[in-house]
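Each remark here refers to the structure printed beneath this line.
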Number of protein chains: 2
Amino acid sequence: MLDEGYAAVTSRRVADRAGVNSGLVYYYFGTMDELFLAVFRRRAEWMLERQAEALASDQPLWALWTVTHDQANTALNLEFLALGNHRKAIMTEVANYSRRFRRQQLDALSGVLEGYGLDPQEWPPASVILLLSSVSRFLLMEDSYGLDLGHAETIEIVERLLCQLEGERAPARDRD
Amino acid sequence: MLDEGYAAVTSRRVADRAGVNSGLVYYYFGTMDELFLAVFRRRAEWMLERQAEALASDQPLWALWTVTHDQANTALNLEFLALGNHRKAIMTEVANYSRRFRRQQLDALSGVLEGYGLDPQEWPPASVILLLSSVSRFLLMEDSYGLDLGHAETIEIVERLLCQLEGERAPARDRD
DNA sequence: GTCTATACCGAGATAGAC
DNA sequence: GTCTATCTCGGTATAGAC
């Protein structure tokens with residue numbers, strides 16, 4: 001899916017990769033759509049856990065920034081989004097999980113941001129999260145086709161703001 | 001392409017829609033990839049012109065914000081991006097045009113932003129453009145699957161900043 | 001549960017009549 | 001230039017042996 005796009009994911013190739021016959025795909029999943037949904041749900045659940053861990057750190061903003069800034073996730077999400085564009089069931093699932101991600105971020109950060117002295121009137125937590133997420137995703141998207149004009153400076157700006165709010169980023173323990 | 005995704009665009013269906021035989025697609029374009037490239041290039045050229053007009057206005061930031069905030073473009077771009085993900089020629093063309101778009105924005109806005117009193121050290125023009133573009137795109141992407149949590153507040157923030165830099169948005173003449 | 005075999009469809013692409 | 005006809009391939013999905 002990452003290398004060749006969702007259209008390249010066929011029952012035959014999946015079965016080949018798994019070392020079984022293509023009939024088994026239908027035995028276990030029913031249709032290809034169900035297979036895509038199963039993959040999506042497993043990934044999404046795993047990412048929700050990862051995000052929950054990140055948000056539970058003592059520097060939740062830095063952690064969110066780090067966890068969002070993950071190339072593989074962005075590329076795959078894009079693929080699922082494009083897939084959802086013309087498969088209703090998948091679109092619905094993408095929407096549901098997106099809401100859960102956003103909710104989780106909001107629940108974890110609303111109090112924290114106020115604690116940092118941010119006026120929720122002027123800088124609503126939902127907006128701070130949205131701004132952080134969108135910059136991160138957009139840069140990664142551009143990276144994917146080799147466009148990085150202005151990226152370094154922009155990352156610097158974001159991280160400067162994070163520093164002001166949350167202090168220096170603590171040294172990573174197991175971040176790549 | 002918008003309704004059903006790029007995979008649904010086949011030589012037969014294109015020919016049907018045009019009221020001709022599918023062989024003609026190959027007569028005129030050679031391969032389906034060439035057809036996609038032709039569509040992409042024509043659209044991109046048109047959008048470059050639209051962007052140039054926007055940037056030439058007396059409120060170029062507002063104009064850029066408006067022109068970027070266009071649903072149809074975002075959805076189609078996503079589709080081409082996904083298509084490019086596994087067709088090298090298309091990926092290359094997406095990259096080239098993205099660079100031209102960014103260049104055009106930079107050339108038009110660098111001076112303007114400095115004129116607004118923005119310190120280019122603290123707020124490099126490339127970053128301001130990147131921030132504006134990424135928020136706009138991200139919100140539209142979320143809109144496409146019905147997620148709008150925090151959107152209104154975020155748009156308000158962006159437009160508040162635009163106001164500070166460029167004054168009230170002038171009443172539209174022929175915006176949508 | 002896993003396989004082989006196969007039905008069926010529609011894709012990309014080409015040949016050749018007109 | 002436009003058509004019909006057709007080749008070849010690979011997709012989804014199912015039936016039925018083991």
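Laboratory data are not the source of any read-out in this text; all were calculated from the coordinates shown. From a predicted model like this one, the values you see are computed outputs, not experimental measurements. Note that each Cβ is placed from the backbone with ideal geometry, even for glycine, and that neighbours are counted across all protein chains shown.
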Inter-copy separations for B:GLY115, label at 7 Å along Cα-Cβ, nm, ascending: 4.6
Options B:LEU118, B:LEU162, B:VAL14, ranked by Cα towards positive dipole end of chain B, top entry (Cβ charges): B:VAL14
Net dipole in debye of chain B [+1 Lys, Arg Cβ; -1 Asp, Glu Cβ; about Cα centre; nearest 20]: 860 debye
Positive minus negative residues near B:GLU45 (Lys, Arg vs Asp, Glu; Cβ under 12 Å): +3
Residue order, fewest to most surrounding Cβ atoms within 10 angstrom, among A:ARG50, A:ARG102, A:ARG17: A:ARG17, A:ARG50, A:ARG102
Debye, to nearest 20: dipole size of the protein assembly as shown, +1 on Lys, Arg Cβ, -1 on Asp, Glu Cβ: 1460 debye
Size of electric dipole in the stretch B:117-176: Cβ of Lys, Arg +1 and of Asp, Glu -1, about Cα centre, debye, nearest 20: 160 debye
Sites A:ARG169 and B:ASN73, calculated FRET efficiency, Cβ-Cβ separation with R0 35 Å, nearest 0.05: 0.45
Calculated label separations, B:ASP33, copies of the chain, 7 Å along the beta-carbon direction, nm: 3.1
Mean separation of Cα contacts under 8 Å, 6 or more apart, over the residue count of chain B: relative contact order %: 22 percent
Kirkwood hydrodynamic radius (C-alpha pairs) into Stokes-Einstein, the protein assembly as shown, 10 °C and 1.306 mPa s, D in µm²/s: 72 µm²/s
Gaussian network model of chain A, springs between alpha carbon atoms under 10 Å - residue of A:GLN164, A:GLN105, A:GLN59 with greatest fluctuation: A:GLN164
Label spacing, shortest first and in nm, from B:ARG100 to its equivalents in the remaining copies (7 angstrom along Cα→Cβ): 4.3
Shape call, the stretch B:41-155: gyration tensor on alpha carbons, a/c limit 1.5: oblate
Listed residues A:LEU131, A:LEU37, A:LEU76, most fluctuating in chain A (Gaussian network, C-alpha, under 10 Å): A:LEU131
